[in-house]
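The values are calculated or read from the model by the stated rules, or taken from the named source; none is laboratory data. A quick note: this is a predicted structure, and the numbers were derived from the prediction, not measured. Note that each Cβ is placed from the backbone with ideal geometry, even for glycine, and that neighbours are counted across all protein chains shown. We work out accessible area using only protein heavy atoms, side chains counted, and drop any ligands, DNA or RNA first. Shrake-Rupley method; radii C 1.70, N 1.55, O 1.52, S 1.80 Å.
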Amino acid sequence: MKIPGMSDVIVEGTGGLSQLVEHLVVEHGRKHFALIGGPESHDEAISRLQAYKSTLKAHGLFVDERLIVPGTFTQESGIRAVELLLETGLPFDALVCMNDRMAQGALDELSKNGIRVPDDVSVIGFDGIESSRYTTPPLTTVVQPMHELGERAVEILDRMMSGGDEEHMELSCTPVIRESCGCAPRFSYTPDLQE
């Protein structure tokens, strides 16, 4: 996150999130969206929420505030958020989770309630953590460039230790389509182990 007076390396995740929301609308015909958000004071969670809303509005879809539940980026908060969403009794056919841990909890709770993913509800996450490949079904998500984040941070630190000025760097994220959105399994191989 950005902290005044300090160097930072951040990711621009709103584009990747918007692409996945649009994918659910265009490719899978989803119309009734629910969202598990992040902490209300978290800058990235705020910008992702704005991207979510603007993408739905751009496609002429209603943003139902009753289907937006805050989370804390933990698996337990994903479980609790799905409980709260189901208690509303409002239908939804897509669930956007602001991180993969909450999405994993959401997948568990949806399954526990007999809701099939992706047949009944498409689910997407954010972060691209390793375990999201192995959920049932594998999680469609936005992958943050974690290795590159670490490399750039160390490079900035090295320059600052040599007398350099503070630096600000922004990296982009990449949407990864897996089965939780409703797509068939995909496989691609590249030598650098990218999906």
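Observations
- Residue identified as free of Cβ contacts under 8 Å to residues at least 40 places away in the same chain and within 12 Å of the chain's Cα centre (by Cα) among Asp165, Asp127, Asp108: Asp127
- Single match in His147, His168 (criterion: surrounded by fewer than 12 Cβ atoms within 10 Å (Cβ to Cβ), farther than 15 Å from Gln104 by Cβ and touching an Asp or Glu at 6+ places or on another chain (Cβ under 6 Å)): His168
- Taken over the stretch 70-105, residues that are closer than 17 Å to Ser122 by Cβ and over 11 Å from the mean Cα position of the chain (by Cα) amount to 12.
- Residue ID - nearest to Lys112 (Cα to Cα), chosen from residues in the stretch 55-87 that are open to solvent by less than 60 Å² (accessible area, probe 1.4 Å) and of a type in the set (Ser, Thr, Tyr): Ser77
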